[in-house]
Amino acid sequence: MAAQIDKNSYDAEHYINRELSLLQFQRRVLAQAADPAVPLLERLRFLCIVSSNLDEFFEIRVSGIREQIRLGTNIAATDGILPIELLALVSNEVHQILSEQYALLNDVILPALENEGVFFLRRGLWDEAQSAWIHDFFRREVMPVLTPIGLDPAHPFPRVFNKSLNFAVELEGRDAFGRVSNTAIVQAPRVLPRIIRLPDRPGQAPYTFVFLSSVLHTHVDELFDGMHVHGCYQFRVTRNSNLFVDEEEVKDLRAQLKGELQQRHYGDAVRLEVADNCSELMADFLLQHFRLDHTDLYTTPGIVNLVRMMQVPDWVDRPDLKYPPFRPGLPKSLGHQRDIFSVLRDHDVLLHHPFQSFSPVIEFLRAGADDPQVVAIKMTVYRTGTDSVLMEHLVRAAQKGKEVTVVLELMARFDEEANISWANRLEEAGAHVVYGVFGYKVHAKLLMLVRREIDDGLRRYVHLGTGNYHPGTTRFYTDFGLMTANEHIGEDVAEIFKQITGLGRASTLTHLWQAPFTLQPNVVAAIRNETEIARAGRRARIIAKVNALLDPETIEALYEASSAGVEIDLIVRGPCALRPGVPGLSENIRVRSLVGRFLEHHRIMYFRTDGEDRVYLSSADWMPRNFFRRIETAFPVLDPQLKRRVIKEGLRCYLLDNSQAWEMQSDGRYRRKTPRRAAHSAQSILLSELAAGG
């Protein structure tokens with residue numbers, strides 16, 4: 001049946017599919033694992049990141065495609081691909097990525113690690129002493145927590161946790177009760193380590209590991225006394241992890257989410273992974289049980305839970321096989337003993353993470369909690385982690401009787417449980433906790449302190465960021481944070497908090513652009529303004545750095561700008577639906593992506609505007625989700641010196657990168673830049689210029 005394209009949709013040939021573009025990003029991450037210039041243990045980490053990314057891709061993106069198919073949706077996306085066609089394309093691409101990933105692991109990285117004294121011993125390579133220790137470990141630590149389930153009418157197939165490690169066992173014989181069953185399932189509880197380090201002994205490599213799967217394969221027969229084990233096969237199921245909350249029915253979002261979180265582990269299966277020793281008969285049995293097709297089966301020549309190897313670089317004390325350590329720097333204005341409030345009364349402060357420290361933000365909130373002149377604190381929280389010093393400062397501020405208001409996003413994907421826990425603690429301390437506006441995730445990064453000044457009355461001090469208030473991720477995500485006492489920006493931030501926590505119409509903001517109201521229209525208007533400047537024969541320029549570019553109206557505005565002669569450079573880390581370099585459409589648009597030591601995360605917009613050089617930082621990507629279904633902000637950098645810093649550090653440095661940059665082709669594929677003369681790595685240069693040293 002022909003695709004039913006909405007009459008208001010755009011030309012499908014102008015667009016690249018989101019999911020396929022996202023898989024191209026996984027290829028760029030995989031290329032880091034293949035790069036011999038990257039330290040060896042970091043290459044292993046990148047290999048695991050690919051697996052982690054693919055897990056989420058199946059849990060969210062593939063689940064969405066399958067749901068469309070289940071509902072009989074026959075409407076193509078903007079790119080013209082029907083859901084049933086897309087699922088097949090995704091399956092084919094992921095199978096290719098996995099083949100390359102495991103070939104890299106088995107043929108390159110593991111042998112290289114062995115040369116460095118880091119071994120992952122297969123069963124056939126254990127010597128007598130190792131075998132004895134492993135058998136004892138199995139008896140002491142593994143066997144007591146296993147519950148083998150023989151499948152028969154009294155023992156149905158057990159519920160399998162999302163992404164858990166399991167074993168399907170083929171058996172022959174009769175058990176103690178005379179029952180005949182040829183299949184059993186053994187689930188590996190999450191309390192068991194997936195990778196076990198063997199104790200040091202003379203003559204053994206300094207770091208010798210075995211996989212739990214190898215231990216269980218070797219001794220699985222001890223779980224089935226008197227029966228013959230024909231085969232033991234690892235398998236892993238990925239499930240739909242989207243949470244569903246009915247806006248019309250829900251009465252208490254926190255209570256509803258608690259119930260939904262329990263079901264996330266048992267959503268519909270979307271992928272089955274099995275080791276390559278799995279028999280065809282068993283693979284078919286598992287597919288049938290989980291209601292999957294052969295295109296949903298992914299066979300791995302190695303462990304099925306590769307993400308578990310992510311911890312190995314932290315366990316191996318070999319600094320020479322890792323990125324060199326560094327100490328984040330501080331802006332010069334914060335290097336003296338002045339308090340943060342006096343600094344911000346003089347001038348704004350720009351922080352560029354991870355090259356510069358996140359500690360000024362922590363100190364800012366700590367000062368707010370401890371300073372008796374600070375009377376109120378308001379903050380948005382999207383992701384912050386289970387152990388957060390920022391949240392502890394908020395709790396302490398509330399306990400001291402300050403007016404503390406926290407807009408805590410309960411629907412932050414995969415952080416819901418941690419956020420619910422913090423909501424409980426904050427409320428117990430006396431803080432006001434609100435969960436935003438139902439139907440709109442609060443993704444803006446805003447922190448405001450209201451302080452009673454001796455001469456000026458109440459004054460607002462704010463921090464706005466492009467990344468989360470998560471001290472952990474600030475060490476390896478690139479983000480900007482702006483700290484300011486600008487009166488008008490403070491008023492805008494206060495207005496946004498009022499909108500979120502109270503009721504009433506949206507007011508006009510002075511400086512900030514806000515989703516879902518003005519952000520997308522202002523972005524499009526700024527693009528069209530550059531278009532008119534170009535049509536008038538004057539120089540026009542747009543540079544933007546985002547994590548994703550998918551909004552059709554924004555893309556069409558960029559196409560129009562390109563046709564008018566606007567020079568456009570886009571730095572897009574992940575999925576990009578725009579096709580660059582198409583004659584007559586986008587020949588003035590260049591798209592590049594950077595993948596390196598740090599995850600590129602800041603969102604920056606630059607519009608030349610006849611030499612005015614307007615610069616905005618934002619929490620939002622250029623996607624319909626961010627523009628219309630989230631509460632986001634974009635905020636201007638007004639200080640001329642800081643504006644030059646953002647352009648230099650966040651844009652030009654990345655446009656000059658010829659070491660970690662990939663240029664997007666019009667067909668959606670990417671080509672890696674290679675240095676012709678001197679190598680230029682944006683992240684390395686920023687480390688050398690901004691960090692304080694190793």
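Return the subset of K402/K648; K441/K643; K163/K673; K445/K643 for which the Cα-Cα distance in this structure is over 31 Å, preserving the input order.
Numbers: K402/K648 40 Å; K441/K643 29 Å; K163/K673 36 Å; K445/K643 19 Å.
Checking Cα-Cα distances, K402/K648; K163/K673 exceed 31 Å.
Candidates (1) 55.4; (2) 35.1; (3) 50.7; which is the computed mean projected area of the Cα convex hull in nm²?
(2)
Per residue, how many Å² of accessible area does the stretch 561-664 show with a 1.4 Å probe? Don't skip to the end; give the middle numbers.
Values: 3180 Å² over 104 residues.
Using a 1.4 Å probe on heavy atoms only, each residue of the stretch 561-664 averages 31 Å².
Nearest 5 is fine: what % of DSSP beta bridges in the chain come out antiparallel, could you say? If you can, show how the numbers build up before the last one.
Numbers: 70 of 103 bridges.
Counting DSSP beta bridges with both partners in the chain, the antiparallel share is about 70 percent.
Considering only DSSP beta bridges whose two residues both sit in the stretch 563-637, what percent are antiparallel, to the nearest 5? Walk me through the numbers on the way to the answer.
Values: 8 of 12 bridges.
That works out to approximately 65 percent antiparallel.
Estimate the FRET efficiency between L458 and K332 by the formula 1/(1 + (r/R0)^6), using the beta-carbon distance for r and 30 Å for R0, to the nearest 0.05.
Details: r = 29 Å, r/R0 = 0.98.
Efficiency at R0 = 30 Å is approximately 0.55.
Sticking with the crude label model, points 7 Å out along Cα→Cβ, report the distance from R197 to D225 in nm, one decimal please.
It is 3.6 nm.
Please determine, in degrees from 0 to 90 and to the nearest 10, the orientation of helix 416-429 with respect to the longest principal axis defined by the Cα atoms of the chain, where the helix direction is its Cα long axis.
60
Take each of the peptides 300-312, 91-103, average the number of other beta-carbon atoms within 10 Å over its residues, and list them starting from the highest.
On the way: 300-312: 19.6, 91-103: 16.6.
Those peptides, ordered most packed to least, come out 300-312, 91-103.
In degrees between 0 and 90, to the nearest 10, how far off the longest principal axis of the chain does helix 389-399 point, with axes built from Cα atoms?
70
To the nearest 20 debye, what is the magnitude of the charge dipole of the chain about its Cα centre, counting +1 on the Cβ of each Lys and Arg and -1 on the Cβ of each Asp and Glu? List each step's numbers first, then the result.
Values: 81 positive and 89 negative charges, 313 e Å.
Dipole about the Cα centre, nearest 20: 1500 debye.
Provide the net charge surrounding Q288, with neighbours chosen by a C-beta distance below 13 Å and charges set as Lys +1, Arg +1, Asp -1, Glu -1.
Values: positive: R291; negative: E280, D284, D293, D296.
Neighbour charge sum, excluding Q288 itself: -3.
Taking the chain as the reference, fit the longest principal axis to its C-alpha atoms, fit the long axis of helix 280-289 to the helix C-alpha atoms, and give the angle between the two in degrees, 0 to 90, nearest 10.
Computed tilt is about 50 degrees.
For the stretch 385-489, just say rounded, prolate or oblate: build the C-alpha gyration tensor, square-root its eigenvalues into a ≥ b ≥ c, call rounded for a/c under 1.5, and beyond that prolate if a/b exceeds b/c, oblate if not. Mind dumping the intermediate values first?
On the way: a/c = 1.72, a/b = 1.26, b/c = 1.36.
Oblate, since a/c reaches 1.5 and b/c is not below a/b.
Counting Lys and Arg as +1 and Asp and Glu as -1, what is the net charge of the other residues whose Cβ lies under 9 Å from the Cβ of H443? Please report the intermediate quantities before stating the final value.
On the way: positive: K441, K445, R630; negative: E409, E632.
Here the count lands on +1.
Which loop-located GluC sites (Glu not before Pro) does the stretch 564-635 contain, where loop means any DSSP state but H, G, I, E or B and the Cβ has at most 15 other Cβ atoms within 10 Å?
The qualifying sites are E587, E612.
Calculate the FRET efficiency for R505 and R70 from the Cβ-Cβ distance with a Förster distance of 35 Å, rounded to the nearest 0.05. Mind dumping the intermediate values first?
Details: r = 39 Å, r/R0 = 1.13.
Result of the calculation: an efficiency of 0.35.
Which of the aspartates and glutamates could a cross-linker bridge to K322, judged by Cα under 14 Å and excluding same-chain residues fewer than eight apart?
D35, E42, E116, D314
Give the calculated FRET efficiency between E689 and A88 to the nearest 0.05, with a Förster radius of 45 Å applied to their Cβ-Cβ distance. Could you put the intermediate results ahead of the total?
Details: r = 47 Å, r/R0 = 1.05.
So the FRET efficiency works out to roughly 0.45.
By how many nm would the segment from D613 to D35 lengthen if fully extended, with 0.36 nm per residue of separation less the alpha-carbon distance? Walk me through the numbers on the way to the answer.
Details: separation 578, 0.36 × 578 = 208.08 nm, distance 3.74 nm.
Separation in residues times 0.36 nm, less the Cα-Cα distance, equals 204.3 nm.
Which net charge results for the neighbourhood of P319, defined as the other residues with beta-carbon distances under 13 angstrom from its beta-carbon, given Lys and Arg at +1 and Asp and Glu at -1?
Numbers: positive: R318, K322; negative: E42, E116, D314, D317, D320.
Net charge in that neighbourhood comes out at -3.
The values are calculated or read from the model by the stated rules, or taken from the named source; none is laboratory data. Bear in mind that the values here come from a model prediction, so they are computed numbers and not experimental data. Because the Cβ atoms are built from the backbone with ideal geometry, glycine has one as well, and the counts that use them run over all protein chains shown. Note: areas computed on protein heavy atoms with side chains; ligands, DNA, RNA excluded. Shrake-Rupley method; radii C 1.70, N 1.55, O 1.52, S 1.80 Å.
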